[in-house]
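Below is one structure, written out as structure tokens; the observations come after it.
The values are calculated or read from the model by the stated rules, or taken from the named source; none is laboratory data. All figures in this text were calculated on a predicted structure; none of them were measured in a lab. Cβ atoms come from the backbone with ideal geometry, glycine included; neighbour counts cover every protein chain shown. With ligands, DNA and RNA removed, areas are computed over all heavy atoms of the protein, side chains included. Shrake-Rupley method; radii C 1.70, N 1.55, O 1.52, S 1.80 Å.
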Amino acid sequence: MAPPADYYKVLEVESKATPQQVRDAYKKAALKHHPDRVPSDSPERPARTKRFQQINDAYYTLSDATRRREYDAARTYNSFTGSTATPDSDFDEEVPPNTGGGGGFASNFPWSAFGFGSAPAGNTEESHNKFSDEQFGGIFEEMLKEEGMADQDAHPTGKFWSIVGGLSGGAMGFIVANFPGMVAGAVAGNRLGAVRDTKGKSVYSVFQEMPQADKARLLSGLAAKVFANVVSG
């Protein structure tokens, strides 16, 4: 089995990066390359989806001490360089197997045994998308909590709605309590016909149901904050 891409290169971190640096790098990479940053019919969408999946595979592996230790051992056997990536690196490029000496263990390393690569995302496009969405969802909710756009239970706050469509939390509460969805749908350009149904949902569930333009707007705004606040190591 061919080795996966260099996960340190995917996240643009050094091989000695701390867990927090890995987490911060994931936030930046996931927001930068998220498929919803572009329209649904954009020709960039397939490439973004593939890169987003790879970013999630990398974070899954490097965010856990045991998986990371096993990956580092496998990476050493396969002669990875350990250098960081540049922003324009081809993340899909696989590092060639060790050409020094015979084939042996290194060139036939059972990568699937460590739980990275095809696992836990599975072997289908649908399973990869599901895994990526679930993993990103938790980090997304964490970032929105930090920005005051989600409460401690990960429910949307008034600030969340105001950023998405110019609607205050007070007005949203009034609509949820008193107006049928078809009336709410006319307010502030939000798809507020669905607001009554979003009560009690997590902020990520609400995000997934938004119109594409609102998704892109929210991701772009969040990315600008993350890029400004996170200092790479």
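Judged by the mean number of other Cβ atoms found within 10 Å, the most tightly packed of the peptides 58-64, 42-48 leads the ranking 58-64, 42-48.
Among GLU209, GLU142, the order of accessible area from largest down is GLU209, GLU142, computed with a 1.4 Å probe on protein heavy atoms. Dipole check for segment 1-78: with +1 at the C-beta of Lys and Arg, -1 at the C-beta of Asp and Glu, and the Cα centre as origin, the magnitude is about 100 Debye. Tell me the label-point distance for the pair TYR77, ALA216, using the 7 Å Cα-to-Cβ offset, in nm and rounded to one decimal. In this crude label model, TYR77 to ALA216 measures out at 4.5 nm. Full extension of the chain between GLU147 and SER63 yields a length gain of 28.0 nm, computed as 0.36 nm times the residue separation minus the alpha carbon distance.
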